[in-house]
Structures are given as C-alpha cells and as structure tokens.
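So the structure is just underneath, and the comments pick up after that.
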C-alpha cells in the first residue's frame with residue numbers, strides 16, 4: 001500500500017524505532033498540535049466540532065479543499081484529550097496535508113501500528129484510529145455535498 005508522500009515519510013521515520021523511542025517521538029508530536037489549530041481568518045468548507053464517546057474531550061475537525069482539489073485540515077482539541085490522540089492529530093494533519101479527500105477516505109489504517117507500535121495499538125485501539133476516522137468522515141461529507149451540488153454525478 002502506497003501512502004501519501006508526507007505520511008510515508010512519517011511512517012518511515014517511526015517504523016524502525018524501538019518502542020521506547022516511538023513513545024518519545026509521539027510525545028514530541030503531541031506537543032505540536034497548536035500548529036494545526038485554525039488560524040485567525042481561515043475559512044473552511046466544513047467544520048465538525050463534537051465530543052464522541054471514544055474520546056476524552058471535544059475534538060474539532062476543520063476541512064478546506066483548495067482549487068486543485070487538495071484537502072487541508074485543522075484541528076482543535078479539548079484540554080482532556082490524551083497525548084496519543086494529540087500525537088495522531090499532528091501526524092495526520094501533517095501527513096495528509098494536500099491529499100485529495102477521496103484519497104483520505106480510501107486510506108487504509110494499516111500504517112497506524114507502524115507509527116504507534118503494536119503495544120499501544122492493543123492498549124488504546126480506539127484512540128489510535130479515532131482522528132483518522134474523523135478526518136475520513138469529514139471528507140465523506142464534503143464529497144457527498146460536492147456530488148449533490150453537481151447533480152449526483154461523480
């Protein structure tokens with residue numbers, strides 16, 4: 001499975017790290033989530049802010065699709081959001097920037113264990129896939145609206 005270029009670079013970095021270094025790198029990524037918050041004056045095609053059962057706090061997913069059909073994500077995370085969710089937020093916002101919404105929706109999640117490690121996936125399985133599922137969901141809503149606006153053709 002080929003991943004989008006930026007995501008592949010992140011996967012390549014993580015997949016050869018020992019478990020301890022993976023955790024340290026995840027903590028480092030979690031500290032960068034502010035870089036992926038909406039900026040003053042930014043406009044989005046869709047905004048989805050809610051608290052789901054599988055997450056400790058409210059998460060906002062913001063999608064802008066540019067004129068070339070490439071998606072750009074921003075996220076807001078409530079103060080109770082766990083470190084692993086924060087790390088996946090930063091990784092996915094960076095790794096999926098500029099990827100078409102259709103490609104985001106079709107992205108297999110098999111890269112997640114390569115990043116977080118098998119142990120964390122087992123212990124926190126819902127958390128590790130949560131952000132990706134939210135990003136796929138907002139892309140699907142955007143795609144459905146685009147299809148509806150164009151009279152139902154794909």
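Whenever a residue of region 80-108 is farther than 13 Å from residue 69 by Cβ, its partners that are at pLDDT 95 or above and assigned to a loop (DSSP other than H, G, I, E, B), lying with C-beta atoms within less than 7 angstrom and at least six residues away or across chains, give the pairs 90/32; 95/4; 96/4. Looking at residue 108, is it closer than 22 Å to residue 17 by Cα and surrounded by fewer than 15 Cβ atoms within 10 Å (Cβ to Cβ)? Against the criterion (closer than 22 Å to residue 17 by Cα and surrounded by fewer than 15 Cβ atoms within 10 Å (Cβ to Cβ)), residue 108 qualifies. State yes or no: is residue 52 surrounded by 15 or more Cβ atoms within 10 Å (Cβ to Cβ) and under 19 Å from residue 137 (Cβ atoms)? It is false that residue 52 is surrounded by 15 or more Cβ atoms within 10 Å (Cβ to Cβ) and under 19 Å from residue 137 (Cβ atoms).
Of everything in region 71-116 that is assigned to a helix (DSSP H, G or I) and more than 21 Å from residue 25 (Cβ to Cβ), the residue that is nearest to the chain's Cα centre (by Cα) is 104. Here residue 64 clears all of (1) surrounded by 13 or more Cβ atoms within 10 Å (Cβ to Cβ); (2) free of Cβ contacts under 8 Å to residues at least 24 places away in the same chain; (3) in contact with a strand residue (DSSP E or B) (Cβ under 8 Å, 6 or more places away or on another chain); (4) more than 16 Å from residue 141 (Cβ to Cβ) except the condition numbered (4). Taking residue 6, is it closer than 19 Å to residue 100 by Cα, in contact (Cβ under 8 Å) with a residue 40 or more places away in the chain and part of a helix (DSSP H, G or I)? Criteria met by residue 6.
Answer with yes or no whether residue 60 is assigned to a loop (DSSP other than H, G, I, E, B) and at pLDDT 95 or above. Considered against the rule, which asks whether it is assigned to a loop (DSSP other than H, G, I, E, B) and at pLDDT 95 or above, residue 60 comes out as no.
Annotation: residue 52 fulfils all but one of (1) at pLDDT below 95; (2) within 21 Å of residue 7 (Cβ to Cβ); the unmet one is (2).
Restricting attention to region 109-120, the residues being in contact (Cβ under 8 Å) with a residue 40 or more places away in the chain and under 27 Å from residue 146 (Cα atoms) number 0. Would region 121-138 turn up any residue that is free of Cβ contacts under 8 Å to residues at least 24 places away in the same chain and either part of a loop (DSSP other than H, G, I, E, B) or under 14 Å from the mean Cα position of the chain (by Cα) (or both)? Scanning region 121-138, I find at least one residue that is free of Cβ contacts under 8 Å to residues at least 24 places away in the same chain and either part of a loop (DSSP other than H, G, I, E, B) or under 14 Å from the mean Cα position of the chain (by Cα) (or both), so the answer is yes.
Can you work out which of the residues in region 10-24 that are without any contact (Cβ under 8 Å) to a residue 40 or more places away in the chain and assigned to a helix (DSSP H, G or I) is surrounded by the most Cβ atoms within 10 Å (Cβ to Cβ)? Among those residues, the one meeting the criterion is 13.
The values are calculated or read from the model by the stated rules, or taken from the named source; none is laboratory data. Every value quoted in this text rests on a predicted model; they were computed, and no experiment measured them. Neighbour counts are summed over all protein chains in view; Cβ atoms, including those assigned to glycine, are modelled from backbone coordinates with ideal geometry.
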